[in-house]
Structures are given as C-alpha cells and as structure tokens.
C-alpha cells in the first residue's frame, strides 16, 4: 500500500495542526534519501500553552517513500551530507509558515520563512514528492527555482522533467487525471465510467490521489463488484458510485478522517485515512483475532504509517537478510525429501522378500515333481493351505531356481535392514530441516538469524566462518517470553539451539513441556515454580503458543502434546532440537496467541 493523495491530504492536515508556525530546531540526514526535521512549537495542552518538540521524517526511498511524524529519535550521522548542510544553512532556524498539498497530488509543499545574512525575511520551499521510484525532496526559493534536491534527475534519466539546481520546479505530469474534489456528475458519468476498464481501474486511473484500495472501497460501499466491467453497470450502480464519491469528497473537504489499518489475522494488509469498510468491523485492542479481516482505528495518521511500516519493515528486512539461508534450507529440504521418497519406495519393494523365501522353501519341498523345461511349479503352500504357482527358469533345474530365490530373499533382507536405518535417519534429517525452516519463519531479529546460521554450520549445511573467539553479538538472541493470565512464566524457543537450552537447561523436572504433535515447531516451557498443578487456562495458553509457533500456524486447529520435562529425553548424537518422549497428554487447540502477555 503506497501513500495515495487522500492519505497525503490527511498527513498535511495533521502537520498543519502540529508543526505549522513552529521553529526548525534541527535538521539531519540519517540515510542517503531521508531527512529528519525537529520542530519546536507552542501548542495548547489543556488550558495552557506549552513548548512541544515534533520530529518529522521525510523519506524519498524508491521502494518505501514516507512522510510522517514520530516520537522515535533516529541516528544523527557524525558527518552531514551536502544536501543536509544546505538545508541547515538556509532554513536551520526558520519558521514553518505553511504546509499545502497541490490538488490531490502525492506532493507536500512546506513553506519556510527565515532571515538571510542581511537580516531580511526570505521564503524557501520544500517540495516533497511521494511517488514511488520517482520520489524526491526538492529545495526551492519562493519563485520555485530549484536550489538543490536529494536526488538529481537529468534529461538522460527523464525526458519529461529535469530536477537540477538552477532549473525551474514544475509539478510532475498530471497523467490526464482530474482532482476528485472537482469531479462533477457529468465528468464521472461520461468520462470515468465510460472507460473500457473494470470499475475499480476506471476510477483510480481517472481521479488524482485515489489508489486501487480507495477505488475498491468506493465500489464496496456502492455494492458494486470492482472487477466488473464499466459496460455492465446499470444506471442505479452508476448513481450509487457517484453518491459514494460525493461522500468521500465531503470527508476530505471537512477533514473528517478515519486513520485505520486493515488486518488479516495479525498481519496488516492496508491503511488509509478513510474507513475501509470492506475489511469488516473496527476491533478494539483487546479483541483482535487470529483470523478474518477487520480494522483497527488510530488517533493520528502518522501513528498508522509508523505502525504499519514498522511491522512490514521487520518482515521485509528479516526476509531479505535470511534469503540466502532460506534458499539453502529450501534446497536441502527438496533434496532430502526426494531421497526420503526414493528410500521409502525401495524399502517398500523389500517387503515382498518373504515371498521369495517361501518360493525357495516350497521348491526345496516339492521341486522333485518338476520336469526339465517347466516354466512353473504348482503345489500346495503349506503356510496357507492354498495352491500356489511358482515361476521356474526352464533353462535351469528347479533346485537351482530355488537356490536363486533364497539368494534374492537374503539380499532383500539385508537391503531392508540397511534401508530401515537409512530411511529413519533421512526422515529425522528432513524433520530437522523443516524445523529450521519454521525457525526462519519466526525469526524476528538479525541475532535470531545468527543463531540459525551457526546451527546450520554445525550441522554441516553451510561452511563454518573462519575466525577466532566468540561473536559478542551472538548472545543477543533470546527465547520469547510470555506470562499467562495466572502469572506463570512461559518460554518459547525461536530455533533449535534455544529449544535445547529451554528444555535441558532452563526447565526443571516438574516444569511442563509443550510441542505441536508431529509438526516442526518450537519447544514451549512453563515454569511451574513448585506448583503441583497448573490452572487449565495456563495449559491452554501454553498449547496455543506451541501451536502458533509451529508449521501448523495457519491451520484452524492443531494437536499439541504436553508432558513434564522429566519425561523428555535427547538421544545421543541427535540433531539440535530433537527429543523423544513416551508419556504425554494431548489437546487440540487454535493457534491463536492474542491476549497472551509478552514480556
């Protein structure tokens, strides 16, 4: 979900109420394409005016352009880049005079007043373009002459518009779109809904600032399928769509915003400053659910953006950092699974070995009746009492054929014995690799990946890093820690090293151990602290944790085994995280951890 023009209008409204009139206190550039502006302003807090400090983050990152206010302090580099130094020189102590949005474009125009070297009042402008890979932060004078920009765009990069010092700043091409606030019924009926597109696409390709998400929301409110062709719309459908557009225009004009995030389960899907009713009802914090679609409302759009991208950034960053590991594990799983299937097929072939043993015995007993050149021996199987036909080699005697049957039996018996051990070993290896895959899916930090990488190196799947001493950062990865409603501490291993540590070092004999039944997953330990019997609710919460942090996370129900820690054994020379147990109970539970307090 990119920031569309409607979200930008909400941000501009928020910035006007928060930092307009404020003094720029600090400017720094934590990233090549990102600046932070610290603004001090006086605002009403209760019945009195107080000085407040606001931090504005502006990012022109091609993959994730953003503008929002935050309480978090970003790192200030020791050496400021040239663009940052230029801003400090011109507007370092300036006052934010105004904040506007040209039309409904994804552009924010910040006007700053400052005094020049002679003490005269000057006006400068920051033009912030939030436009995907074309995003930019452009610094101009009051006549829109470009002083500099965080990204230079020459005519070799873009034949449409140059962004270089000394050039005149012009708005990006409008792409034949109309400001939705100016769209009347004639334009909507005769232009938008006459396009040979789906209804949703016709709307967002015709109106500035409306994204596919908002277009689909308008269709949902109008009771129209957004994937339907515009040619299939009835007049009633068209009138309902325009009515919904009018309601949206009223919300924007009156600044009646509804900052929200749409969730699917615990995963944020979209966000907006209008109510995305197509995602269901608004849920309070204490009623979020593990499945289904719903909305969560926020007080400020900046909080929405920060929360949405905080979750998305963690997932994206970890996926990027773990890409190599996931590829290694995926390839190993594929290779091991093929080997496992082949071994099981070969093992299944050896199950008919007893047939050859019986053939040999029956030929030994009845072979005297066979004549030279016979192709089969018909006799009674004294094991079953039924008649049996045994194939013979017409070029050999019956006794020689019987001897070959015994040889075949003995060979298949040896193969069976070898394959039984080999298949068991390969199956355990496959289970182990699937457990590593599960660990990668729940890794939440780079330190978790360090543990997994070390584990794979020790297991021989990747080369060990050459180096002396222990990496001082390795200890930063910690198991997940929860507290049940009844006050019992519950720990969840995020990888196999942590699973072993929790089960065999942290846990004592009477502590409870939980694990998803016959599924790769985390070990969950509940510290009983000498209690004879845990409350039922704690059993259920621990089981929900074991189900959620397993490969069965997406299943509606998961079987979970649980037992006392003293019943868990680790076979010698077994893989990390591998345990055996023979005494246990089981329960079926939903993989839903909402409401369980994390420490």
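Suppose we filter region 584-594 for residues that are in a loop (DSSP other than H, G, I, E, B) and touching a strand residue (DSSP E or B) at 6+ places or on another chain (Cβ under 6 Å); how many remain?
Step one: filter region 584-594 for residues in a loop (DSSP other than H, G, I, E, B), giving 584, 590-594.
Still in the list and also touching a strand residue (DSSP E or B) at 6+ places or on another chain (Cβ under 6 Å): 584, 591.
Final tally of qualifying residues: 2.
Could you run through region 249-273 and say how many residues are in a strand (DSSP E or B) and crowded, with 20+ Cβ neighbours inside 10 Å? Full working, then the answer.
Here is the first cut: in region 249-273, the ones in a strand (DSSP E or B) are 260-264, 267-272.
Narrowing further to those that are crowded, with 20+ Cβ neighbours inside 10 Å: 260-263, 268, 270-272.
Of the residues in region 249-273, 8 are in a strand (DSSP E or B) and crowded, with 20+ Cβ neighbours inside 10 Å.
Does any residue of region 223-237 turn out to be in a strand (DSSP E or B) and surrounded by fewer than 19 Cβ atoms within 10 Å (Cβ to Cβ)?
The initial filter retains those residues of region 223-237 that are in a strand (DSSP E or B), namely 229.
Right, trim to surrounded by fewer than 19 Cβ atoms within 10 Å (Cβ to Cβ) and you get 229.
Yes, region 223-237 contains a residue that is in a strand (DSSP E or B) and surrounded by fewer than 19 Cβ atoms within 10 Å (Cβ to Cβ).
Condition first: under 35 Å from the mean Cα position of the chain (by Cα) and part of a strand (DSSP E or B). Now tell me which residues in region 20-34 satisfy that.
From region 20-34, those under 35 Å from the mean Cα position of the chain (by Cα) are 26-34; that's our starting set.
The answer is 26, 27, 28, 29, 30, 31, 34.
Does residue 204 satisfy the condition of being surrounded by 13 or more Cβ atoms within 10 Å (Cβ to Cβ) and without any contact (Cβ under 8 Å) to a residue 12 or more places away in the chain?
Values: surrounded by 13 or more Cβ atoms within 10 Å (Cβ to Cβ): yes; without any contact (Cβ under 8 Å) to a residue 12 or more places away in the chain: yes.
Yes.
Using the structure shown, decide if residue 109 is touching a helix residue (DSSP H, G or I) at 6+ places or on another chain (Cβ under 7 Å) and surrounded by 16 or more Cβ atoms within 10 Å (Cβ to Cβ).
Details: touching a helix residue (DSSP H, G or I) at 6+ places or on another chain (Cβ under 7 Å): no; surrounded by 16 or more Cβ atoms within 10 Å (Cβ to Cβ): yes.
Judged against the criteria, residue 109 is not a match.
Residues of region 560-577 being under 26 Å from residue 452 (Cβ atoms) and surrounded by fewer than 17 Cβ atoms within 10 Å (Cβ to Cβ), which ones?
Across region 560-577, the qualifying residues are 569, 570, 571, 572, 573, 574.
Does region 167-192 hold any residues that are in a loop (DSSP other than H, G, I, E, B), surrounded by 12 or more Cβ atoms within 10 Å (Cβ to Cβ) and under 36 Å from the mean Cα position of the chain (by Cα), and which are they? I'd like the intermediate steps shown before the answer.
Step one: filter region 167-192 for residues in a loop (DSSP other than H, G, I, E, B), giving 167, 169-177, 179, 183-184, 191.
When the remaining residues are screened for being surrounded by 12 or more Cβ atoms within 10 Å (Cβ to Cβ), the result is 167, 169-172, 177, 179, 183, 191.
Residues satisfying the conditions are 171, 172, 177, 179.
Give region 542-582 a look and list any residue that's over 26 Å from the mean Cα position of the chain (by Cα), outside any loop (DSSP other than H, G, I, E, B) and either more than 18 Å from residue 479 (Cβ to Cβ) or in the same structural domain as residue 434 (by TED's automatic domain parsing) (or both), or say none.
561, 563, 564, 566, 567, 569, 580
Can you name the condition, by its number, that residue 389 falls short on among (1) surrounded by 13 or more Cβ atoms within 10 Å (Cβ to Cβ); (2) farther than 22 Å from residue 342 by Cβ?
(1)
Just need a number here: residues in region 428-446 that are within 13 Å of residue 480 (Cβ to Cβ) and assigned to a helix (DSSP H, G or I). Break it down stepwise before answering.
As a first pass, look at region 428-446 and keep what is within 13 Å of residue 480 (Cβ to Cβ): 439, 442-445.
From what is left, the residues that are assigned to a helix (DSSP H, G or I) are 439, 442.
Total satisfying the criteria: 2.
Any chance region 390-411 includes a residue that's in contact with a strand residue (DSSP E or B) (Cβ under 6 Å, 6 or more places away or on another chain), farther than 19 Å from residue 319 by Cα and outside any loop (DSSP other than H, G, I, E, B)?
Filtering region 390-411 down to residues in contact with a strand residue (DSSP E or B) (Cβ under 6 Å, 6 or more places away or on another chain) leaves 390-392.
So of that shortlist, the ones also farther than 19 Å from residue 319 by Cα come out as 390-392.
Next, only the ones that are outside any loop (DSSP other than H, G, I, E, B) stay: 390-391.
Yes; the residues of region 390-411 include at least one that is in contact with a strand residue (DSSP E or B) (Cβ under 6 Å, 6 or more places away or on another chain), farther than 19 Å from residue 319 by Cα and outside any loop (DSSP other than H, G, I, E, B).
Only one residue in 539, 585 is exposed (fewer than 14 other Cβ atoms within 10 Å of the Cβ), more than 23 Å from the chain's Cα centre (by Cα), in contact (Cβ under 8 Å) with a residue 12 or more places away in the chain and within 30 Å of residue 265 (Cβ to Cβ), so which one is that? Spell out the reasoning first.
Values: 539 fails: exposed (fewer than 14 other Cβ atoms within 10 Å of the Cβ).
None of the other options fit; the residue is 585.
Suppose we keep only residues that are assigned to a loop (DSSP other than H, G, I, E, B) and surrounded by 17 or more Cβ atoms within 10 Å (Cβ to Cβ) within region 132-166. Which one would you say is farthest from the chain's Cα centre (by Cα)? Even if it seems obvious, please write down each step before you answer.
If we filter region 132-166 for residues that are assigned to a loop (DSSP other than H, G, I, E, B), which is where we start, we get 135, 142-144, 150-152, 154-162, 164-166.
Now narrow it down to the ones that are surrounded by 17 or more Cβ atoms within 10 Å (Cβ to Cβ): 135, 150-151, 162.
Values: 135: 25, 150: 30, 151: 30, 162: 37 Å.
Checked region 132-166; the qualifying residue farthest from the chain's Cα centre (by Cα) is 162.
Only one of these is assigned by TED's automatic domain parsing to the domain that holds residue 131, in a loop (DSSP other than H, G, I, E, B) and touching a residue at least 12 places away in the same chain (Cβ under 8 Å): 41, 61. Name it. Lay out the reasoning, then the answer.
Numbers: 41 fails: in a loop (DSSP other than H, G, I, E, B).
Selected residue: 61, the only one of 41, 61 that is assigned by TED's automatic domain parsing to the domain that holds residue 131, in a loop (DSSP other than H, G, I, E, B) and touching a residue at least 12 places away in the same chain (Cβ under 8 Å).
Any residue at all in region 368-384 that's part of a helix (DSSP H, G or I), farther than 30 Å from residue 449 by Cβ and under 60 Å from the mean Cα position of the chain (by Cα)? First the steps, then the outcome.
First pass over region 368-384, keeping only residues part of a helix (DSSP H, G or I): 368-369.
Next, only the ones that are farther than 30 Å from residue 449 by Cβ stay: 368-369.
Next, from what is left, pick out any that are under 60 Å from the mean Cα position of the chain (by Cα): none.
No, because not a single residue in region 368-384 is part of a helix (DSSP H, G or I), farther than 30 Å from residue 449 by Cβ and under 60 Å from the mean Cα position of the chain (by Cα).
The values are calculated or read from the model by the stated rules, or taken from the named source; none is laboratory data. Just so it is clear, the structure is predicted and the values come from calculations on it, not from any experiment. Cβ atoms come from the backbone with ideal geometry, glycine included; neighbour counts cover every protein chain shown.
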